Amino acid sequence: MNKTKFLSYCAIFAALTAVLSQISLPIGPVPINLALMSPVIAALLFGIQVGVTSQAVYVLLGAVGLPVFSGFRGGLSALAGPTGGYIIGYILCALLAGVIIKYSKEKSVPMLVLAAVAGTLICYLFGTIWFVYQQKTTFAAALSLCVFPFLPGDAVKIALDTLIVRKISKTLNNQ
């Protein structure tokens with residue numbers, strides 16, 4: 001991939017994460033939103049570098065104060081708050097999903113689903129550990145607030161991610 005395409009894809013997926021972050025349902029300390037779709041799709045379509053770089057750009061834009069996080073929040077205080085681990089977890093999500101796809105022999109539906117699930121789980125893990133530390137709560141309490149309510153929606157998002165990646169991959173391969 002040439003440098004122009006790389007930079008374009010990174011910018012597109014950083015912007016997509018910012019937009020999808022705003023489509024949210026505030027149900028508690030961690031809102032339900034669509035943002036996790038972006039690092040998964042970026043990594044599954046374009047690999048580790050685009051996935052990780054796009055999400056690092058997104059996090060850095062928010063860290064410097066641009067209102068890209070859910071609820072139009074930004075700044076270091078948002079990253080230090082209860083959702084900060086999940087936001088940083090987008091980078092880890094893209095990394096793990098990208099690694100799985102890179103080292104798999106094919107981009108079959110089961111492999112795409114496995115990569116998306118693994119990426120989502122690493123985001124959950126990092127975010128939940130941060131939530132436990134930041135809120136001084138138990139891991140079990142954090143799971144009931146920050147993971148279990150999200151499982152059905154994330155299952156739907158993973159299915160949509162897989163469909164989107166398959167469709168776009170076919171289009172890209174026909175060019």
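If you take the residues of segment 94-108 that are touching a Leu at 6+ places or on another chain (Cβ under 9 Å) and at pLDDT 95 or above, which of them is surrounded by the most Cβ atoms within 10 Å (Cβ to Cβ)? Don't jump to the end; show me each part of the working.
So the first thing to find is which residues in segment 94-108 are touching a Leu at 6+ places or on another chain (Cβ under 9 Å), and the list is 96-98, 100-101, 104, 107.
Within this subset, residues satisfying the condition of being at pLDDT 95 or above are 96-98, 100-101.
On the way: Leu96: 24, Ala97: 31, Gly98: 25, Ile100: 20, Ile101: 24.
Filtering first and then ranking leaves Ala97.
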Taking the stated definitions as given, is Ala63 closer than 26 Å to Gln135 by Cα and in contact (Cβ under 8 Å) with a residue 24 or more places away in the chain?
-> no
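Regarding segment 38-49, can at least one residue be identified that is in a loop (DSSP other than H, G, I, E, B) and closer than 24 Å to Ile101 by Cα?
Quick first cut of segment 38-49, residues in a loop (DSSP other than H, G, I, E, B) only: 47.
Now restrict to residues that are closer than 24 Å to Ile101 by Cα: 47.
Yes.
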Tell me, which residue of segment 22-53 that is crowded, with 19+ Cβ neighbours inside 10 Å and of a type in the set (S, T, N, Q) is modelled with the lowest pLDDT?
-> Asn33
Starting from residues that are under 19 Å from Cys123 (Cα atoms) and more than 14 Å from the chain's Cα centre (by Cα), keep the ones in segment 62-73 and report whichever is surrounded by the fewest Cβ atoms within 10 Å (Cβ to Cβ).
-> Ala63
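To keep it simple, each residue is scored yes or no on (1) among the aromatic types (Phe, Trp, Tyr); (2) touching a residue at least 40 places away in the same chain (Cβ under 8 Å).
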residue: Gly84; (1), (2): no, yes
residue: Ala94; (1), (2): no, yes
residue: Val99; (1), (2): no, yes
residue: Lys102; (1), (2): no, yes
residue: Lys107; (1), (2): no, yes
residue: Pro110; (1), (2): no, no
residue: Val113; (1), (2): no, yes
residue: Phe126; (1), (2): yes, yes
residue: Lys136; (1), (2): no, no
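Within segment 120-132, is there a residue that is over 17 Å from Gly84 (Cβ atoms), aliphatic (A, V, I, L, M) and under 19 Å from the mean Cα position of the chain (by Cα)?
The first filter runs over segment 120-132 and keeps only residues over 17 Å from Gly84 (Cβ atoms), leaving 120-121.
Remaining after also requiring aliphatic (A, V, I, L, M): 121.
Now drop any that are not under 19 Å from the mean Cα position of the chain (by Cα), which leaves 121.
There is at least one residue in segment 120-132 that is over 17 Å from Gly84 (Cβ atoms), aliphatic (A, V, I, L, M) and under 19 Å from the mean Cα position of the chain (by Cα).
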Which condition number does Lys170 fail, the rest of (1) closer than 27 Å to Lys5 by Cα; (2) surrounded by 14 or more Cβ atoms within 10 Å (Cβ to Cβ); (3) not small (Gly, Ala, Ser) being met?
-> (2)
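The values are calculated or read from the model by the stated rules, or taken from the named source; none is laboratory data. Being a predicted model, the structure only gives us computed values, none of them experimental. Positions of Cβ are backbone-derived with ideal geometry, glycine not excepted, and every protein chain shown enters the neighbour counts.
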